[in-house]
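Undergrad: Sharing a structure here in structure tokens format.
The values are calculated or read from the model by the stated rules, or taken from the named source; none is laboratory data. Since the model is a prediction, treat every value here as computed from it, not as a measurement. Glycine gets a Cβ as well: all are built from the backbone with ideal geometry, and neighbour counts include every protein chain shown.
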Amino acid sequence: MYFNAYQIRNTDGTLDGTMTGYYEPLLSGSRQYGGAYLYPVYGTPSDMLYLDARRVPGRMRGGVSAARIDGHNVIPLTDVTGSGLGGLYTLDLRDAVPDIRDKKIRLRLDGERIVPYYTRAEIERGALKAPVLAYVDDPVMLYSMQLQGSGKVRMTDGSIRRFAYAEQNGRPFLPPLARSGGAASGAHKLVVRGMEMQIDVSDE
């Protein structure tokens, strides 16, 4: 194997900077569930609702109030209490976190309550109401594709399908941690993108 060396400079000629990496994982998949193909690649869910966090008064954040639904948009109401009357619902924003980019809170309707959208654990238990675009054979690679935001799937007929980010559940990203030492050691394993890295949680 042979390599070429490159030097990367900023536009002003300086050398200090930050580099990031990105790749598109290649998975094996099928249009049909079965055999090795057990893990669904979901499309955008049909029951997701959106609330612009900028429209939520400070006193309503993190609590319970009333709202109405207009299409897929949630409209908070500041002068109404109660639920289930005249198209009004209880808006429960406890555990709700707006996305830092589009400022939207992802929600769903649960009876007469509007609540934060399903967690990853709930989705993996089958709670999600969304079209399945393909089934793949490797949950670790699927997780990697979800983190990257895009990827390719080689289908059983040999064709390649490309998938790109369309939506999220609105929950904060919490990488799985596994303790690798005694409680006093502070040593943990960070498991992300199918790889394990040792981290010291006492080191900020």
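Undergrad: So which of Gly13, Gly17, Gly21 is in a loop (DSSP other than H, G, I, E, B), without any contact (Cβ under 8 Å) to a residue 12 or more places away in the chain and within 25 Å of Arg154 (Cβ to Cβ)? Steps first, answer last, please.
TA: Working: Gly13 fails: within 25 Å of Arg154 (Cβ to Cβ); Gly17 fails: within 25 Å of Arg154 (Cβ to Cβ).
Result of the check over Gly13, Gly17, Gly21: Gly21.
Undergrad: Go through the residues of segment 102-112 one by one and say whether even a single one is in a loop (DSSP other than H, G, I, E, B) and either modelled with pLDDT under 85 or under 30 Å from Asp157 (Cα atoms) (or both). Talk me through it step by step, then tell me what you get.
TA: First, pick out the residues of segment 102-112 that are in a loop (DSSP other than H, G, I, E, B): 102-103, 111-112.
Restricting the remaining residues to those that are either modelled with pLDDT under 85 or under 30 Å from Asp157 (Cα atoms) (or both) gives none.
No - not one qualifying residue is present in segment 102-112.
Undergrad: Hey, can you tell me all the residues within segment 37-54 that are farther than 11 Å from Gly170 by Cβ, touching a Leu at 6+ places or on another chain (Cβ under 9 Å) and either without any contact (Cβ under 8 Å) to a residue 40 or more places away in the chain or not in a loop (DSSP other than H, G, I, E, B) (or both)?
TA: Within segment 37-54, Tyr39, Pro40, Val41, Tyr42 qualify.
Undergrad: Scanning for something modelled with pLDDT of 95 or more, under 21 Å from Gln148 (Cα atoms) and either in contact with a Lys or Arg (Cβ under 8 Å, 6 or more places away or on another chain) or surrounded by 10 or more Cβ atoms within 10 Å (Cβ to Cβ) (or both), does segment 50-70 turn up at least one residue?
TA: No.
Undergrad: Which residue is nearest to Gln148 (Cα to Cα), if the candidates are limited to segment 5-43 and must be of a type in the set (Val, Ile, Thr) and modelled with pLDDT under 85? Outline the logic, then answer.
TA: Quick first cut of segment 5-43, residues of a type in the set (Val, Ile, Thr) only: 8, 11, 14, 18, 20, 41.
Filter once more, so that each one left must be modelled with pLDDT under 85: 8, 18, 20.
Numbers: Ile8: 24, Thr18: 18, Thr20: 12 Å.
Within segment 5-43, the match that is nearest to Gln148 (Cα to Cα) is Thr20.
Undergrad: Also: Mind checking which residues of segment 123-137 are acidic (Asp, Glu) and free of Cβ contacts under 8 Å to residues at least 24 places away in the same chain? Talk me through it step by step, then tell me what you get.
TA: From segment 123-137, those acidic (Asp, Glu) are 124, 137; that's our starting set.
Correct list: Glu124 only.
Undergrad: If you check every pair at least six apart or on different chains, which have Cβ atoms under 6 Å apart with a residue in segment 138-161 that is over 14 Å from Tyr39 (Cα atoms) first and a residue that is surrounded by fewer than 14 Cβ atoms within 10 Å (Cβ to Cβ) and aliphatic (A, V, I, L, M) second?
TA: Ser150/Ala164; Lys152/Leu26; Lys152/Ile160; Arg154/Ile160
Undergrad: I'd like to check something: does segment 99-122 contain any residue that is more than 19 Å from Asp52 (Cα to Cα), buried (at least 16 other Cβ atoms within 10 Å of the Cβ) and either among the aromatic types (Phe, Trp, Tyr) or not assigned by TED's automatic domain parsing to the domain that holds Arg31 (or both)?
TA: no
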